[in-house]
1. Could you name the lysines whose alpha carbon sits less than 20 Å from that of residue 459, not counting residues in the same chain fewer than 8 places away?
2. With the full set of protein chains in place, find how many percent of the accessible area of the chain is carbon and sulfur; take the probe as 1.4 Å.
3. Which loop chymotrypsin sites (Phe, Trp or Tyr not before Pro) in the range 123-186, with loop taken from DSSP, have no more than 13 other Cβ atoms within 10 angstrom of their Cβ?
4. Kindly rank 13-21, 311-319, 107-115 from highest to lowest mean number of other beta carbons found within 10 Å of each residue.
5. Would you mind getting me the FRET efficiency between residue 10 and residue 448? Use the beta-carbon distance for r and R0 = 41 Å, nearest 0.05.
6. Over the chain, what relative contact order in percent results from Cα pairs under 8 Å that are six or more residues apart?
7. Let me have the relative contact order for the range 89-278, percent, based on Cα pairs under 8 Å that are six or more residues apart.
8. Near residue 351, which aspartates and glutamates are there with a Cα under 19 Å away, not counting those fewer than 8 places off in the same chain?
Amino acid sequence: MTASLTALLKPLAERQQPLRQLFAAEPNRAARFSAKACGITLDFSKNLLDDSSWQTLQQLAAQSSIRQLCQQMQAGAAINNTEQRAVWHTRLRQQDLQDLRLNGEDIGAAISACRAQMATLIDQLHQGTYLGYSGKPITDLIWVGIGGSLLGPQMAVEALTPYHCSPVRLHFAGNIDGAIVSDLTKQLQPETTLVVVASKSFGTEETKQNALALRAWFSAQGADKAAIARHFWATSANVQAAAEFGIVPQHILPMWDWVGGRYSLWSAIGLPVALMIGNDGFNQLLAGAAAMDQHFFNAPFSENLPVILALLGIWYINGFGCQAQALLPYSHYLRLLPSYVQQLDMESNGKAVDRRGQPLSDVTAPVIWGDAGTNGQHAYHQLLHQSQLKIPADFLLPLKVAHPLQDHHQRLAAHCFAQTQALMQGKTEQEAYQECLAQGMTAQAAAELAPHKASPGNKPSNTLLLDELSPYHLGALIALYEHKVFCQGAIWQLNSFDQWGVELGKQLSTPIYQALKAKGDAQFDSSTTQLIALFRQQNR
Ligand code: F6P
């Protein structure tokens, strides 16, 4: 492995032939640079890639610790080395749980028990047999959590809207902005509301604050301790803190230290998904992810979807100096995917030191952003097409959709494909000039307008086609991005499973919060002191 990927890849990137030439030279390019697994087709032909650069990238993967790290992960080694934790989220979606032990503990039995407990609760909620303290069935469930305890279920619930079959309505409370709980408590009745506090640590300020506000709402409406116990559930690895909050042991669904927050959708954190699409649907989500795991573990690197995406990402970040990556789902239902992948990728690989604490010689993790197509085409795609920035983009499209508006779907697909084509081929100034003339402009007017209409092209993209957006395909898609992040972490030699960077902001917020409440002079840097003073003026 070379010391600096940038030093290896940058000279190659500088010599890379433009996309138009690459396509012209090889009629079969699309088929050669495509791969399919678990109902997901990846066309990566519109990337700045020729035989020689692709070979170099493949060698990079072969020389990296991807396979070794993967074996260590599956064997239960503490590959999250700064927290001395195993990384076993893939086990959560495994079907065969026989003899699955970690440090002497029967993990297989624990996962089965958790799945069964979830399924029972979902059945009771669906059948209306889970009764609130006044004897009425539960009609609403509030899921309180943030980060990995929110983004996955929120995204998956949205993505699987056509599969919803729950008589119980679902609400999410994440942000510490009081507007959320305040609005919810105006709409709902405690006697028919179930609250699930989702926090691996059970120490996250936002989640605790929202949970406390909801508990106070129950009390204010006359619910006693027993009534509150009936209406509050938790999913947490910190059973003691959940119990101290007032959640009875039989209402605490387990989490484990070997599952990172942003990898926890497959645990009881997936409960909102199971609620909305039913237990069978949730099992399909797990099955899709498990199928992608098998593909990742076994397929040769040249056909391995997570490896291919990982290599292309590194190619652009370290070879071309791209700092951003767009994620553009051409699916209304997948519109929360970019927020989900933001945490997955940026919290995992946004690091400055390697696994041993040594400074990294290469930039890692791009800024992930995006939204559902075609909305973005009328907003920020202008920058993708004509700015001097090169922003690689993943375009996603489900081939088959559940709704009956076929013409909409054909138009949506046409826009998706046209965007990747436009980014790839662009429009030369000469082509723009000829176009203007053909529209009847004078030669002078055409010459003046042509530079504005020209598009540089040569902008890379991947197209990911899902056979359909079913629970199975969504599971596979999420696992694909998880493993992409894993591979990149392995190649960059960093720990993708800790997130120490988020701690500083948390630490600093405590004295600031105290200063906002206190009346005395706040002693901080002059900007922070001024901000505190301005806040206090308006909140006397
Ligand atoms: O923001 C940091 C973080 O620790 C995430 O990694 C995590 O998903 C989120 O907070 C929520 O944590 P918890 O589930 O412990 O409340």
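The values are calculated or read from the model by the stated rules, or taken from the named source; none is laboratory data. Predicted model, so just to flag it, every value in this text is computed and none were measured. Positions of Cβ are backbone-derived with ideal geometry, glycine not excepted, and every protein chain shown enters the neighbour counts. Ligands, DNA and RNA are stripped out before the accessible areas are found, and what is left, the full protein with its side chains, is counted by its heavy atoms. Shrake-Rupley method; radii C 1.70, N 1.55, O 1.52, S 1.80 Å.
1. 10, 46, 390, 427
2. Working: 12410 of 23750 Å².
Of the solvent-accessible surface of the chain, carbon and sulfur hold 52 percent.
3. Details: sites: 130, 133, 143, 163, 172; in loops: 130, 133.
The qualifying sites: there are none.
4. On the way: 13-21: 14.9, 311-319: 24.4, 107-115: 16.8.
Highest mean packing first, the order is 311-319, 107-115, 13-21.
5. Working: r = 37 Å, r/R0 = 0.91.
Once rounded, the FRET efficiency stands at 0.65.
6. Details: 897 pairs, mean separation 107.9, N = 540.
Normalised by residue count, the contact order of the chain is 20 percent.
7. Working: 307 pairs, mean separation 54.9, N = 190.
Contact order relative to length: 29 percent.
8. Cross-link targets: 83, 362, 482, 498, 503.
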